[in-house]
Structure formats: C-alpha cells, structure tokens
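Here the structure comes first, spelled out in structure tokens, and everything after it is commentary.
The values are calculated or read from the model by the stated rules, or taken from the named source; none is laboratory data. This one's a predicted model, so the numbers in the text were calculated from it and none came from an experiment. Neighbour counts are summed over all protein chains in view; Cβ atoms, including those assigned to glycine, are modelled from backbone coordinates with ideal geometry. Areas reflect the complete protein model, heavy atoms only, side chains present, ligands, DNA and RNA absent. Shrake-Rupley method; radii C 1.70, N 1.55, O 1.52, S 1.80 Å.
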Amino acid sequence: MARMKFLCDADRCIECNGCVTACKNANEVPWGVNRRRVVTLNDGEPGEKSISVACMHCDDAPCAAVCPTDCFYTTTDGIVLHDKDLCIGCGYCFFACPFGVPQFPEQRAFGSRGRMDKCTFCAGGPEEPGSQAEFEKYGANLIAEGMLPACAEMCATKALLAGDGDLVAEIFHHRSTSRDGRPQTWGWATAYGAGLS
Amino acid sequence: MEKQTRQTTRSRKTLRRIAAMTLFVAVAAMVVPLSGYVYVAMAQETEQAQTQVQPWAETNPRSDVWRQARQATEGRSAIRGPGANVVMTSSGETFRQIRMGPLSTYAPWYLALMLGAVALFFIISGGGEKIAADSGKRLPRWSRFDIALHWFVAILFLVLAITGLSLLFGRAVLIPLMGPEGFAAWALASKNIHNYGGAFFVVGVVLMIVAWTRYNIPDATDVKWLLKGGAFGKHLPAGRMNGGEKAWFWVNVGAGIIVCATGVMMINPQVFESRELFQLNLIVHAIVAILWLGASFGHMYMATLGAPGSMDAMTKGHVSSEWAKVHHDLWYDEVKDQEFSDDQPREAAPGGNASTSSA
C-alpha cells in the first residue's frame, strides 16, 4: 500500500497561496477556516523561504493520542482522518498538534468550539465516499476518484508534492542532487578538506 | 689608440651595466608577481587555522531554513490565527506525553490509594465512636445559608469530578462499555456540563472562602490537635472547627483557587498568549483537581462513618450536645447557653445565624 505524504520544496515555493485557495475551493471550507497555510520565514530578507503547511498525516499522530473520544483513524494509505460525529470540539488536538492544523469553525459561549475541521488529504471522511454527507462534513474525496490533493495538483511551481512517499522522495532526491548553486556542494570542504574540488 | 681603447672599454662597461639592469628588471618583473602565490598560500594557511578553531561555523543555508522551521521561528503568513505564522512547535508533544503518560497512569492509582487508605482506616478503627444523644439537647452549628452553600458546592464538586474524569479516562474506561457513539454523546454532555457547571462552582467556592474563613483561622489548639493525632480518632481539645477541619478548609481554598482560576481561563481561551500556556494550564487544572478529589474522600469519610453524628450539622444545621462535648469541647463551652431541646419547637436562636428549624 502507498504511504501518502506531503512535501513542500522550500526552494520552489513562491508564497502564491494557490494551494490555500485550491483547498478552499475543492473542499468548500467555511469562511475563516484554512486547512492549509503558507508560512514565510525571514520575510523580506535575502534568502527568505516559504513553506506550505497542512496536516502532515503523522504515523503516530499526537491529535489521535490525546483525543478524549478517540475520533481519529488512519486509512490504509496512511492518511489521518477523523469522525466529526464523535468529535466534541474540546480542542485538545489543536494543543497537541505540532503544525497547528486542527481548525474550529465555530466559536460559542464559554470558549466552546464547534467540531474540529482539518486537512483530509482530499480523502473525505468516514461517510460513503463521494456522498453529499461526506462532502458537507469533510469536503472533497479526490483520492476515491483516483486523484491527488487539490493543493498539490494546483501548485504552479510544483513546490508542493503529494502522493506515495516513495515517489515523492524519489522526485525530491532527483531535484536536490541536480540542483545548481552553492548549497549543492555544501559540506564538501568539511568532508574532503579545503582545496579539493 | 689608447684613448680609443679606453673609450671602448667604458662603453662596454656601460653596456654591461645596462644589460645587467635590464636583466634584473626583467627577472624582477617575472618574479615579483609570483609573490602573490606566497600571499595566497599564507592567506589559505590563516584561513585553515581559523576553520580549525570553528570547524562548524559555516552552516548550510538550506538546512538553516528547516532548522528555523523546526525551532518554531515566527515568520509571516497571509493566514491569521493563533500560531499560524509558525511552521511547527514541539510543546504539544510534551503536553501529550504528560497527559497520556504520568497523568493517565498515576491519577487512577492515586484515587484508588486514597479510597483504599480510607477503607483500610475504617477496617482498622471500626469507624468513629457512636455518641448516644440521650439528653435530646441540641446546639445550632450551621445556618440555612451555610447548609445550602455546602451542598451547592458539594454537588457541583461531584458533578464536575465525574464529568472531568469522563473526559480524561472515558476513552480507556467508557468507550468499551458505551461504544464510540454512546461515549461521544456522553463526552459532549460532560464537556458542556463541566464548562457551564464550572462557572457556578467558581461562585460557590468564592462564597465559601468569604463565608467560612472566619471559622478557620488556625491557632495553637489546632497545631496540638493535628500533632497529637486528632485526625486518627483521639478526642483532643478543639474549638468550633478542629485542626483537621481547618486543614480541609485550607485545602479547599488553595485547590479551589487554582482549579477555578485555571478553569475560568480555559473557558476564555483568548487570555492565552500561546498554546504552551494553555497546555500547561490544562495539565495543572487536571493534576490539582484530581489531588483535591482524592483529599475529599477523607472529608466524606469523616462526615459519614468517621465521626457519627457529624452529618446532622450539614443536614439539620444542629448537633447533639454530647457530640459537641466530645468533638468540640472548647466550642461547647462557648455556646452551651444556646442549647435547646430537640422535642420543643425552638424560638429564635441566639446568635441569629443558626437554623430556626427543629426538624
């Protein structure tokens, strides 16, 4: 079975936020909810880099570990999904997640939150694949249609890769070994001594 | 001829000098630039010496970006929201490790040990001394307001304990019993009861602190009472509240303030500047609340089996004079003029704050 992964190539990302928009469009997420976001480090300085972040579909997902109702599950493709019918909106997943992924569309009295919403790798949820109920709760199920997540498909510079981890790694390996520029040879002097090239 | 020869010799000398000069300039012109190599070699040597001092001073710019990302460096994001400008933080893993590790492991053991200790104490001591209330004389102890306040806080305490424990241990204990859907419904109810009930509980705890602090100022009698083992069934001199009761009151004050403050902050999550503070808050709330719950088992035991007759104080508002003499002799001496008889309807109680009901 494939092990689905996202990878953002920071040397290619141009912070166009196309992935965020593609995600919103494909999944029709509520206003104010962002299943994906782009973070720019050292913004405005030479060497600034942008990284697109969404759910990383962890093997040992902290959100799933702390959930009081055990509403998370991992598909055979390694995609971490959750059952909104079991979610009570406690927010523990948001506090455990390293990537700040869980989103809470509703704010209610006493700091209470609506049911959690997050990136599904465009794989829907526990409802019947392709059904209206699934779309309304979880958004599109492109995986069931044999497609990949909308964000990665939309990426103009192909910075954001999604798919089987082995293939993604192979593509990125090819890129990083054939990439031009000084950082390619970084570590050469340390490994083989200065003066050798 | 000689003159000519001399002239020739001079011109030869001049020529030779010129040739030598030319040769020197030519050689110098070729050699001097080569000194650049010496300079380069020396410079490289110095550079090497510097690199040897700090071999890892140079970092890979590409690694630096991911290092920054890993270390929760704040960047900029078009998306607004708490922590949206940070790629990743690892404090959540600490929160997870504490909550699913020590907290989930030791809290049930602690509660079980506290229950076991109380049960063991009951088995060894056989319960408190049953004091015959033959005379029918009663002493007013708590007003209706005090009784209402006590049960308001006590019932909320139990409700909040049950709902709070459901959220912490329900996944392990209740899902196998109720099924995922059944437990999800109960967990949602628990969350709402805990949030809304907590707000009322805070009011109760604050009122309790305001109303009862005056009875619970510790003094030398209480220290003696505690040191000589008053808590283990010995009847030692005590005023209106004995050392154990005062200790329990101050446990309520301390734990109450911490649990209520952390709880109020949690239902107003906007007060937290960072996720780290919320995580810490949640852990402190759970630990202190569970310690408090364990301590309350002792209070429940003393009120029911540990000192028979005590329950009257918080149900009827008055206690038998015999009970007062045994457990609170100093207080009995103070208030014995307020004694009334159980079978007669009582007139307005002296002191004003005691219950007027004789039921």
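Exactly one of these conditions fails for B:Ile258: (1) more than 21 Å from the chain's Cα centre (by Cα); (2) surrounded by 17 or more Cβ atoms within 10 Å (Cβ to Cβ); (3) among the hydrophobic types (A, V, I, L, M, F, W, C); (4) within 22 Å of B:Val288 (Cα to Cα). Give me its number.
B:Ile258 satisfies every listed condition except (1).
Can you tell me which residues in region A:72-108 are within 19 Å of the chain's Cα centre (by Cα) and hydrophobic (A, V, I, L, M, F, W, C)?
Result: A:Phe72, A:Ile79, A:Val80, A:Leu81, A:Cys93, A:Phe94, A:Phe95, A:Ala96, A:Cys97, A:Phe99, A:Val101, A:Phe104.
Can you pull out the residues in region B:193-207 that are open to solvent by less than 20 Å² (accessible area, probe 1.4 Å) and of a type in the set (A, V, I, L, M)?
B:Val205
Identify the residue in region A:158-168 that is in contact (Cβ under 8 Å) with a residue 60 or more places away in the chain and open to solvent by 40 Å² or more (accessible area, probe 1.4 Å) and, among all such residues, is farthest from A:Ser52 (Cα to Cα). Don't jump to the end; show me each part of the working.
Going through region A:158-168, the residues in contact (Cβ under 8 Å) with a residue 60 or more places away in the chain turn out to be A:158-166, A:168.
Pick out the ones that are also open to solvent by 40 Å² or more (accessible area, probe 1.4 Å) and you get A:158, A:164, A:166.
Details: A:Lys158: 12, A:Asp164: 18, A:Asp166: 20 Å.
Out of the qualifying residues, it is A:Asp166.
Assuming A:Glu153 fulfils every condition listed in (1) part of a loop (DSSP other than H, G, I, E, B); (2) open to solvent by 70 Å² or more (accessible area, probe 1.4 Å); (3) in contact with a helix residue (DSSP H, G or I) (Cβ under 8 Å, 6 or more places away or on another chain); (4) not hydrophobic (A, V, I, L, M, F, W, C) apart from one, which condition is it?
(1)
Can you give me the number of residues within region B:111-147 that are farther than 23 Å from B:Lys234 by Cα, open to solvent by 60 Å² or more (accessible area, probe 1.4 Å) and assigned to a helix (DSSP H, G or I)?
3
Among the residues of region B:198-221, is any over 26 Å from B:Val153 (Cα atoms), more than 14 Å from chain A (Cβ to nearest Cβ), part of a helix (DSSP H, G or I) and hydrophobic (A, V, I, L, M, F, W, C)?
Residues of region B:198-221 that are over 26 Å from B:Val153 (Cα atoms), as a first pass: B:219-221.
Pick out the ones that are also more than 14 Å from chain A (Cβ to nearest Cβ) and you get B:219-221.
Still in the running and part of a helix (DSSP H, G or I): B:220-221.
If we keep only those that are hydrophobic (A, V, I, L, M, F, W, C) as well, we get B:220.
Yes, because at least one residue in region B:198-221 is over 26 Å from B:Val153 (Cα atoms), more than 14 Å from chain A (Cβ to nearest Cβ), part of a helix (DSSP H, G or I) and hydrophobic (A, V, I, L, M, F, W, C).
Condition first: facing chain A (nearest Cβ under 10 Å) and either exposed (fewer than 15 other Cβ atoms within 10 Å of the Cβ) or not hydroxyl-bearing (Ser, Thr, Tyr) (or both). Can you find one or more residues in region B:150-161 that meet it?
Step one: of region B:150-161, the residues facing chain A (nearest Cβ under 10 Å) are none.
No, region B:150-161 has no match at all.
Being more than 16 Å from the chain's Cα centre (by Cα) and assigned to a helix (DSSP H, G or I) is the filter; apply it to region B:270-282 and report the residue that is nearest to the other protein chains (Cβ to nearest Cβ).
My answer is B:Gln270.
Applying the selection to region B:175-192, what residues are farther than 27 Å from B:Thr262 by Cβ and surrounded by 14 or more Cβ atoms within 10 Å (Cβ to Cβ)? Spell out how you get there, then give the answer.
First, pick out the residues of region B:175-192 that are farther than 27 Å from B:Thr262 by Cβ: B:176-182.
Scanning region B:175-192 gives B:Met178, B:Pro180.
For A:Ala109, are the conditions met, namely being within 14 Å of chain B (Cβ to nearest Cβ) and at pLDDT 95 or above? So that I can check it myself, show each step before the final result.
Details: within 14 Å of chain B (Cβ to nearest Cβ): yes; at pLDDT 95 or above: no.
Judged against the criteria, A:Ala109 is not a match.
Given (1) within 12 Å of another protein chain (Cβ to nearest Cβ); (2) at pLDDT below 95, where does A:Cys23 come up short, assuming only one miss?
Going through (1) within 12 Å of another protein chain (Cβ to nearest Cβ); (2) at pLDDT below 95 one by one, A:Cys23 breaks only (2).
Can you pull out the residues in region B:87-117 that are within 7 Å of chain A (Cβ to nearest Cβ) and without any contact (Cβ under 8 Å) to a residue 40 or more places away in the chain?
Taking region B:87-117 as the starting set, the residues that turn out to be within 7 Å of chain A (Cβ to nearest Cβ) are B:87-90, B:92-93, B:95-96, B:99-100.
Within region B:87-117, B:Val87, B:Met88, B:Ser90, B:Glu93, B:Arg96, B:Met100 qualify.
Quick grid of which residues meet (1) touching a helix residue (DSSP H, G or I) at 6+ places or on another chain (Cβ under 7 Å); (2) farther than 23 Å from B:Val86 by Cα:
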| position | (1), (2) |
| --- | --- |
| A:Pro68 | yes, yes |
| A:Cys119 | no, no |
| A:Glu128 | yes, yes |
| A:Gly146 | no, yes |
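Of all the strands (runs of 3 or more DSSP E) wholly in region A:1-105, which have at least 1 residues that are open to solvent by less than 10 Å² (accessible area, probe 1.4 Å) and more than 21 Å from A:Ala150 (Cβ to Cβ)? Full working, then the answer.
On the way: elements: A:4-8, A:37-41, A:49-53, A:72-74, A:80-82.
Output list reads A:37-41.
Just checking, how many residues over region A:53-96 are facing chain B (nearest Cβ under 9 Å), within 15 Å of A:Ala123 (Cβ to Cβ) and aliphatic (A, V, I, L, M)?
So the answer is 1.
Please list, ordered by first then second residue, the pairs with beta carbon atoms under 6 Å, 6 or more apart or interchain, first in region B:56-85 and more than 7 Å from every other protein chain (Cβ to nearest Cβ), second β-branched (Val, Ile, Thr).
B:Ala72/B:Val86; B:Ala72/B:Thr89; B:Glu74/B:Val86
Which numbered condition in (1) surrounded by 15 or more Cβ atoms within 10 Å (Cβ to Cβ); (2) modelled with pLDDT of 80 or more is the only one that B:Ser90 fails?
It fails just one condition, (1).
Mind listing just one residue for me: the one in region B:220-236 that is open to solvent by 70 Å² or more (accessible area, probe 1.4 Å) and within 18 Å of B:Tyr332 (Cβ to Cβ) and, of those, modelled with the lowest pLDDT?
B:Lys234
Which one of these does A:Lys137 not meet: (1) closer than 25 Å to B:Pro176 by Cα; (2) away from chain B (no Cβ under 12 Å)?
A:Lys137 satisfies all of (1) closer than 25 Å to B:Pro176 by Cα; (2) away from chain B (no Cβ under 12 Å) except (1).
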